[in-house]
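Read the structure below first, then the notes.
The values are calculated or read from the model by the stated rules, or taken from the named source; none is laboratory data. Fair warning: this is a prediction, and the values are worked out from it, not measured in the lab. Backbone-built Cβ (ideal geometry, glycine too); neighbour counts: all protein chains shown.
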Amino acid sequence: MGRRTFKLLLTALLAAACAVACGGEQPQSPLRRAAERVFVIGFDGMDPTLARRWMDEGKLPNLKALADEGTFSTLESTQPSESPTAWSSFATGVNPGQHNIYDFLVRDTQTYLPEFNMVRQEPPTFLWGMIPTRGPKIESTRGGTSFWVTAGQSGIKTTVMTVPVTFPAESIDHGQILAGLPTPDLRGTLGTYYYFATDVSRFEEGDTEFLGVVKRLVFDGDRATAMLLGPPNPIVRQELRELNGTALTDASRTKRAELETRESVQIPVSVQWRRGERGATVELGGNTFTLAEGEWSDWVPLTFKINFLVSVKGMMQFYLARADSELQLYGSPININPEDPVFPISSPTGFAPALVEQIGTYRTLGWAESADKPLNEGRLDEKAFLFDANRAMDDRERLIFEALKNDDWDLFVSAIETTDRVSHMMWRLIDPAHPMYDAALAAEYGDAIEKIYIRADDLVGRLRAAVPPDATFIVMSDHGFHSFRRGVNLNTWLVQNGYMAFEGQEGATKTLGDLFGHGQFFEGVDWSRTKAYAVGLGQIYFNLRGREAQGIVSPGAEYLALQEEIRSKLITLRDPEDDALVFGDIYRRDDIYHGEFLGNAPDLEVGFNDGYRVGWQDTLGGISSAVVEDNDRKWSGDHCATATEISGGVLFINRKLTSEKPSIMDLAPTILDRLGVAVPAGLDGKILR
Ligand SMILES: [Zn+2]
């Protein structure tokens, strides 16, 4: 086969993969108009208490006007009250038992190891280590049917922009969608960041706890070079998988070590330090740019060559944090380039590139405010984080307004997550009781959350002006927000109370790398004597016979007794520091979930009181010594697994509603009803009137 034949084969394979995954190229024309047009803007994590306070103080005039004209209410969230779960219930109108998304993580019942939820992936395959024979397969694990798919099936024109849990982009009849969370970066993660600096010790080099890659820069005169870790090389990964099936010999060990050095495609980064000007010139992938201290770069386009047949396109931004006595260069996660996306980030596939033609490039990473992790790990400061978060919101806004220009939609659904990310990171500065409260920082950044609400309010004003006045206009959020002062280590509690058998761990601190299979998770746990274990942000699973590989708890009477025993003990847990009750409630599986995916549900779901969240090491399979401990991170506000009574988000709608206690599950049937589309049977939500 000649090179030309290879290329044709590749094109045909990719086209075939796309035809299956991505639907048609052009959105079809609407078949009919809706009874009433509906516009939705979601602000992730917008909290009803904060919204009410700032409306009362006259700081959110557009939301206030919407509330006065129509309805403002708390919107009950899901259990747990976290984005993947709540946005799935928003889209489908059903409880998690019917849509299968209980958390960011699922656990493998054979190995007990957690895996990332929301998508299932199968790697691409290659013939002779070079010719692609099958593209990567990515599927959503979410069940149920989104209301925009239902609306599309009835002939209504729909646009969906960056709503969480819409990756990979699903095909919508008569509609278009640009995916939001969990659209990955080019490394396949929720956002791996890079930090190249002179003041990094050899011990700090490598992967950080939260998806950072830290490299030490060693200057020879004014130049230093480091390698940028790009996407995993699927050909090398395939060879590694094949090697796993063979006998372990010296030769295979050498081969494995050699392959591991090539597991990621790398690009050299060269840095020229301009000491006199407090700046640096950076060269990588054929791009050269100069930054002054405190300056951000534009998007830098990068092409990563897998081999002579296959390459993938990404883009990233750099920020020169320091260039005085030390040099610190931050690199953002490598975003999928929307001009030529390697994964299905839009449907039709041409929608994402067409937007680039209209407004220029834009960030595609689902977790768009990606400077939160380096702020949490002390690699960026508050100023850089807020600048980047606002840039992310700029991009989301530009996309929404561009998509709104085509006035043929009858259903428009959009979401922005900047409100959530700023609240997570800056809560410590509005809560003087938080262990990470800092009066000097609070004087400078204590209004950061208020400012992002004001920005959201201003956007609502501009959107109302752009949307036809007779349309139903909805502003909503998936959950509210709380202070996260104290971390609660559920696995430590299970060990101390005899439900988990634990013989000790060697390593100290666990990293996200440990979580996703490269290291030791649940190290030292004796499963043959363990009855219950916690995974994720508030889920307790039983080691059930017939379900878990080494299950010891029998279904039926023993299961129910264990559920009641753990629940009744845990609910009385008090914080040793001030004797406060840690939990508002502990929920039994069958009391809160029902449906075809009930078998994947946690056996107990915890509901924290204000101030508490699952501890950091607990989420990573590490077992801390204390059950309740101070949260010493800048990630200081949270909402995951909060008790239902205090976890609700917001609902604003320009209609007077009389229905009481609206739930996030009610929006799908309510919107379909307004559009004049028959509401499918079997939804858990009700039509709000
Ligand atoms: Zn959040």
Inset, instruction - Would you mind finding the one in Val269, Val200 that is in the same structural domain as Leu329 (by TED's automatic domain parsing), more than 28 Å from Leu355 (Cβ to Cβ) and assigned to a strand (DSSP E or B)? - result: Val269
Inset, instruction - Go through (1) touching a Phe, Trp or Tyr at 6+ places or on another chain (Cβ under 7 Å); (2) at negative phi and name the single condition Gly93 misses. - result: (2)
Inset, instruction - For region 85-110, name all the residues that are touching a Gly at 6+ places or on another chain (Cβ under 9 Å) and either free of Cβ contacts under 8 Å to residues at least 24 places away in the same chain or over 22 Å from Tyr587 (Cα atoms) (or both). - result: Ala91, Thr92
Inset, instruction - Please work out which residue is surrounded by the most Cβ atoms within 10 Å (Cβ to Cβ), limiting yourself to region 572-592 and to residues that are free of Cβ contacts under 8 Å to residues at least 12 places away in the same chain and in a helix (DSSP H, G or I). - result: Asp590
Inset, instruction - Assess whether Leu380 counts as being assigned to a helix (DSSP H, G or I) and either of a type in the set (A, V, I, L, M, F, W, C) or surrounded by fewer than 22 Cβ atoms within 10 Å (Cβ to Cβ) (or both). - result: no
Inset, instruction - Confirm whether Arg689 is closer than 26 Å to Thr71 by Cβ and not in a helix (DSSP H, G or I). - result: yes
Inset, instruction - Go through (1) out of contact with any helix residue (DSSP H, G or I) (no Cβ under 8 Å at 6 or more places or on another chain); (2) in contact (Cβ under 8 Å) with a residue 24 or more places away in the chain; (3) in the same structural domain as Gln153 (by TED's automatic domain parsing); (4) buried (at least 20 other Cβ atoms within 10 Å of the Cβ) and name the single condition Ala668 misses. - result: (1)
Legend entry - Single unsatisfied condition, Ser347 versus (1) over 26 Å from Glu205 (Cβ atoms); (2) surrounded by fewer than 22 Cβ atoms within 10 Å (Cβ to Cβ): (2)
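Can Thr166 be described as within 24 Å of Tyr593 (Cα to Cα), modelled with pLDDT of 95 or more and not in a strand (DSSP E or B)? I'd like the intermediate steps shown before the answer.
Numbers: within 24 Å of Tyr593 (Cα to Cα): yes; modelled with pLDDT of 95 or more: yes; not in a strand (DSSP E or B): yes.
Against the criterion (within 24 Å of Tyr593 (Cα to Cα), modelled with pLDDT of 95 or more and not in a strand (DSSP E or B)), Thr166 qualifies.
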Legend entry - Residue that is within 27 Å of Ala151 (Cβ to Cβ), more than 16 Å from the ligand (Cβ to nearest atom) and buried (at least 23 other Cβ atoms within 10 Å of the Cβ), where the choices are Asp395, Asp410, Asp420, Asp388: Asp410
Inset, instruction - With respect to Val627, determine if the residue is more than 16 Å from the ligand (Cβ to nearest atom) and buried (at least 21 other Cβ atoms within 10 Å of the Cβ). - result: yes
Legend entry - Answer residue from region 606-627, given it is of a type in the set (S, T, N, Q) and over 22 Å from the mean Cα position of the chain (by Cα) and is farthest from Arg428 (Cα to Cα) among those: Ser625
Inset, instruction - Name the residue, out of Ala439, Ala433, Ala415, that is modelled with pLDDT of 95 or more, within 16 Å of the ligand (Cβ to nearest atom) and among the small types (Gly, Ala, Ser). - result: Ala415
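Conditions tested, residue by residue: (1) closer than 21 Å to Arg363 by Cβ; (2) crowded, with 16+ Cβ neighbours inside 10 Å.
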{"residue": "Val200", "(1), (2)": "no, yes"}
{"residue": "Glu205", "(1), (2)": "no, no"}
{"residue": "Arg216", "(1), (2)": "no, yes"}
{"residue": "Leu228", "(1), (2)": "yes, yes"}
{"residue": "Arg253", "(1), (2)": "no, no"}
{"residue": "Ala292", "(1), (2)": "no, no"}
Legend entry - Exclusive hit being in a strand (DSSP E or B) and more than 16 Å from the ligand (Cβ to nearest atom), set Gly607, Gly595, Gly599, Gly622: Gly607
Inset, instruction - Kindly provide the set of residues from region 646-665 that are assigned to a loop (DSSP other than H, G, I, E, B) and surrounded by fewer than 24 Cβ atoms within 10 Å (Cβ to Cβ), ordered by number. - result: Asn654, Arg655, Lys656, Leu657, Thr658, Ser659, Glu660, Lys661, Pro662
Legend entry - Top-ranked residue in region 336-363 [being free of Cβ contacts under 8 Å to residues at least 24 places away in the same chain and of a type in the set (A, V, I, L, M, F, W, C); ranked as nearest to Ser171 (Cα to Cα)]: Ala354
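If we scan region 629-645, do we find a residue that is assigned to a loop (DSSP other than H, G, I, E, B), among the acidic types (Asp, Glu) and either outside the structural domain of Val460 (by TED's automatic domain parsing) or at pLDDT 95 or above (or both)? Steps first, please.
First pass over region 629-645, keeping only residues assigned to a loop (DSSP other than H, G, I, E, B): 631-636, 639-641, 643.
So of that shortlist, the ones also among the acidic types (Asp, Glu) come out as 632.
Still in the list and also either outside the structural domain of Val460 (by TED's automatic domain parsing) or at pLDDT 95 or above (or both): 632.
Yes; the residues of region 629-645 include at least one that is assigned to a loop (DSSP other than H, G, I, E, B), among the acidic types (Asp, Glu) and either outside the structural domain of Val460 (by TED's automatic domain parsing) or at pLDDT 95 or above (or both).
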